[in-house]
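All remarks here apply to the structure that follows.
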Amino acid sequence: MDKFLIKGPCKIKGQVSISGSKNAALPILASTILFDKTVIIENLPRVKDIVTMLKLLKSLGSKIEFFQNKKTVKITKSKKRKILASYSLVKTMRAGILVLGPMIAKFNKSITSLPGGCLIGARPVNYHLNALKKLGMKYEIKKGYIHAFSKGKLRGADIKFSKISVGATENTIIAACLAKGKTILKNCAIEPEIKDLTNFLNSAGANIKWIGKRTVKIIGVDSLKEIKYSVMGDRIETGTFCVAATLSKGDLLIQNFDPKLIQSELNLLKKIGAKINIFKNKIHIKGPKKIKNINNIETKEYPSCLSTDLQAQFMVLLCLASGRSSITENIFENRFMHVAELRRLGAKITIKRNKAIIEGPSEFTGAELMSSDLRASVALVLASIVAKGQSIINRIYHLDRGYEKIENKLRKIGVNIKRLS
Ligand code: EPZ
């Protein structure tokens, strides 16, 4: 298994370009099941989860051709369509559940594996199933698979999600595109990646209108047309590099991302002391000499103060702040896997239920570390960048799921990092 060797402390300087968004590309790719015509998707990040989703689509009968060194794919329907989304693919990437909605809408049947949990939580899919049921899907769960079908086309319905869920919102919007009649979805998640999905579907002829902050109206159409679409930049990768510049007294120009979509985290970084200038598709960020502490940060659904996918990265930053800080994780039940590893570098963090209390400033010294999940792993990379001495980060396959060639990007901006295979 690959590992990273990082020699700190490093000062980050230069510019980095952000890859396409994994969390926008995954639902967009899943929704190509709705199409009979050719779909071209550009600006895909070359990360493991995208490879897995493309394998899943291929197993369901889509023909996949790569261009532009795999950043562009051309997806066409082959005659033989399959309806089994296998556990072997879905278990490694929970977003595999996103093929259920389009399969039911298009094929009126599907055998999709339940995703199973992961280190950050149980990852249930009850909100997906309840919503699709209201559109007319019938299902039973047998041996870990969702055996689903609908009698003819799905039918539009009024649905209010009992809890805000990114995946359930995406699955239901996609399914409703081909349903008969009107669907109103209330209490939707509104992450920018979901808006990218609805932009994509509308440009292919779907009829989706956001009629309230968390309310969307979908009028079903008979089919979608041929389309070429470029995926938005990755919001979490952008936030990760903003934290990297802030914690290392760095000076970084971050390109290919719309700063308006990460405003709440940029406001937090300004409070911490970062100097930030934003332009149309760029962020110029300079890290402060002294990092200020912040108490009572909470992760909440977008557009809240802090995205759960940036919680671990901000925790590293607050370890370096003088004084007490705290972060409460409200989205996932077990998303503090990085804490034990940060303590090995010298962090002073105590956990009370879903609240982490951080005393600083800590002086990190390099150590051997273990990655656990995608975002916790990148937090260990950030900590190693400022730690004195050498750090080894094991099991970086977690990182490869969601960050495109991160070691090359980091090396270009001054980080002494090597991948050991
Ligand atoms: C998406 O996961 C993202 N993944 C996650 O990013 C992100 O952390 C999460 O949204 C929250 O923003 C992708 O977009 C591929 P949810 P998702 O449904 O859709 C519970 C990363 O690092 N829940 O909004 O699975 C769930 O367990 C990944 O890129 C149910 O109980 O998130 C969680 O506690 C990690 N029942 C909460 O709701 C359901 O049916 C929010 O989950 C669905 C969710």
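The values are calculated or read from the model by the stated rules, or taken from the named source; none is laboratory data. Being a predicted model, the structure only gives us computed values, none of them experimental. Glycine gets a Cβ as well: all are built from the backbone with ideal geometry, and neighbour counts include every protein chain shown. For the accessible areas, the whole protein counts, side chains as well, though only heavy atoms, and no ligand, DNA or RNA atoms are used. Shrake-Rupley method; radii C 1.70, N 1.55, O 1.52, S 1.80 Å.
Considering only residues that are basic (Lys, Arg) and in contact with an Asp or Glu (Cβ under 9 Å, 6 or more places away or on another chain), look in region 228-266 and name the one that is surrounded by the most Cβ atoms within 10 Å (Cβ to Cβ).
Initially, region 228-266 is screened for residues basic (Lys, Arg), giving 228, 235, 249, 260.
Subsequent filtering for residues that are in contact with an Asp or Glu (Cβ under 9 Å, 6 or more places away or on another chain) retains 228, 235.
On the way: 228: 13, 235: 26.
Checking each candidate, the answer is 235.
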- Of the conditions (1) in contact with a Phe, Trp or Tyr (Cβ under 8 Å, 6 or more places away or on another chain); (2) in a strand (DSSP E or B); (3) within 16 Å of the ligand (Cβ to nearest atom), residue 351 clears all except one; give me its number. (3)
- Residue count for region 95-136, restricted to those that are in contact with a helix residue (DSSP H, G or I) (Cβ under 8 Å, 6 or more places away or on another chain), at pLDDT below 90 and open to solvent by 30 Å² or more (accessible area, probe 1.4 Å): 4
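Within region 177-191, can you find the residues that are within 16 Å of the ligand (Cβ to nearest atom) and either surrounded by fewer than 21 Cβ atoms within 10 Å (Cβ to Cβ) or in a loop (DSSP other than H, G, I, E, B) (or both)?
Taking region 177-191 as the starting set, the residues that turn out to be within 16 Å of the ligand (Cβ to nearest atom) are 185-191.
Residues satisfying the conditions are 186, 187, 188, 189, 190, 191.
Mind counting the residues in region 361-373 that are aliphatic (A, V, I, L, M) and surrounded by fewer than 24 Cβ atoms within 10 Å (Cβ to Cβ)? Break it down stepwise before answering.
Step one: filter region 361-373 for residues aliphatic (A, V, I, L, M), giving 367, 369-370.
Pick out the ones that are also surrounded by fewer than 24 Cβ atoms within 10 Å (Cβ to Cβ) and you get 367, 370.
Summing the residues that are aliphatic (A, V, I, L, M) and surrounded by fewer than 24 Cβ atoms within 10 Å (Cβ to Cβ) in region 361-373 gives 2.
Somewhere in region 312-327, is a residue farther than 24 Å from residue 364 by Cα and surrounded by fewer than 23 Cβ atoms within 10 Å (Cβ to Cβ)? Full working, then the answer.
Taking region 312-327 and keeping what is farther than 24 Å from residue 364 by Cα, we get none.
Within region 312-327, not a single residue is farther than 24 Å from residue 364 by Cα and surrounded by fewer than 23 Cβ atoms within 10 Å (Cβ to Cβ).
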